[in-house]
Amino acid sequence: MKKRWIMQSILICAALAGVVRATEVLREDFHDINNWRPLYFPNIDRHTQYTIVTKGSESYLKAESQASASALIFSTEFNVYEYPIMRWRWKVNNVYKKGDARSKAGDDYPMRLYIVFKRDPDKTGPLEIFENSIHRLMSGEDLPHSSLDYVWASKVPPENIIPSPYTDRVKMILIEKGAMKLGR
């Protein structure tokens, strides 16, 4: 089975997803990463290394990180009410001892998939317009309105959905927790 991706407006991660419908918004078979662009985080000197690996007839994205961080972005827009389902597969080989999804200090995951929602200009207040203007000047991009972050949490908190330790505009959905399914 081929691997697939879908995203709301920007997808940042190294996971595989797809739409389970007759018509797909996006399907990524990872023959190359020419459709993706890197995202480097401020104050992070070392970046995750991304390569395409092929086994038989399937290709996938491999992310290798050692005291590093970065992301890949693929931008496409679609109506989430028309395409409410996504699917991906991921495999993780380790979890982080200090990783804790509930704290800023522990905000580190072996795998994370962002679905980012665009800002509605008609519902944006003056402070948000100002913040977005500053962000656009610095990065060349608009700030998102909100996001859903699907993560593989290193620890096993009792919750499955938690707020981001940074903002109330982000909900983190803990798809996997801990080391039980490592290597699968």
| In square angstrom, rounded to the nearest 10, how much accessible surface does Ile134 have for a 1.4 Å probe? | 70
| Sorted largest first, extent of the chain alpha carbons per principal axis (Å) | 52, 40, 33
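Take the alpha carbon gyration tensor of segment 78-184, find the square roots of its eigenvalues, order them as a ≥ b ≥ c, and report rounded if a/c is under 1.5; if not, report prolate when a/b exceeds b/c, else oblate. Intermediate results must be reported in sequence, preceding the final value.
On the way: a/c = 2.39, a/b = 1.71, b/c = 1.39.
Prolate, since a/c reaches 1.5 and a/b exceeds b/c.
At most 15 other C-beta atoms within 10 Å and a DSSP loop state: those are the exposed chymotrypsin sites (Phe, Trp or Tyr not before Pro) I care about. Give me the longest piece of the chain that has none. List each step's numbers first, then the result.
Values: sites that count: Tyr40, Phe78, Tyr81, Tyr96, Tyr166.
My reading of the result: 97-165 is the longest stretch.
How large is the dipole of the chain about the Cα centre if only Lys and Arg carry +1 and Asp and Glu carry -1, each at its Cβ, rounded to the nearest 20 debye?
Working: 27 positive and 22 negative charges, 168 e Å.
For the chain, the charge dipole is close to 800 debye.
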| query | Among rounded, prolate and oblate, which fits segment 33-128 when a ≥ b ≥ c are the square roots of the eigenvalues of its C-alpha gyration tensor, a/c under 1.5 means rounded, and a/b larger than b/c means prolate? | reply | oblate
| task | Compare the Cα positions of Leu182, Ser146, Val170 along the charge dipole of segment 102-184 (+1 at Cβ of Lys, Arg; -1 at Cβ of Asp, Glu; about the Cα centre) and return the one farthest towards the positive end. | result | Leu182
| remark: Between the residues Val95, Phe78, Ser68, the Cα farthest towards the positive end of the dipole of the chain, that dipole coming from +1 and -1 charges on the beta-carbon of Lys, Arg, Asp and Glu, is from Val95
| query | Out of segment 92-159, which GluC sites (Glu not before Pro) are coil in DSSP terms and have no more than 16 other C-beta atoms within 10 Å? | reply | Glu141, Glu159
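Give the percent of DSSP beta bridges with both residues in the chain that are antiparallel, rounded to the nearest 5.
Numbers: 28 of 35 bridges.
In the chain, approximately 80 percent of DSSP beta bridges are antiparallel ones.
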| said: Is there a quick way to get the dipole size of segment 32-90? I mean about its Cα centre, with the Cβ of Lys and Arg at +1 and of Asp and Glu at -1; what is the value in debye to the nearest 20? | reply: 180
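Filter the cross-link list Lys97/Lys155; Lys62/Lys177; Lys98/Lys155 down to pairs whose alpha-carbon distance in this structure exceeds 18 Å.
Lys62/Lys177
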| field | Gyration tensor (alpha-carbon) shape descriptor, segment 21-69, a/c threshold 1.5 | value | oblate
| task | May I ask you to list the trypsin sites (Lys or Arg not before Pro) in segment 104-179 that are in a DSSP loop and have at most 14 other Cβ atoms within 10 Å of their Cβ? | result | Lys104, Lys118, Arg169
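The values are calculated or read from the model by the stated rules, or taken from the named source; none is laboratory data. On a predicted model such as this, the values are computed, not experimentally measured, just so you know. Positions of Cβ are backbone-derived with ideal geometry, glycine not excepted, and every protein chain shown enters the neighbour counts. Side chains included, ligands, DNA and RNA excluded: accessible areas come from the protein's heavy atoms. Shrake-Rupley method; radii C 1.70, N 1.55, O 1.52, S 1.80 Å.
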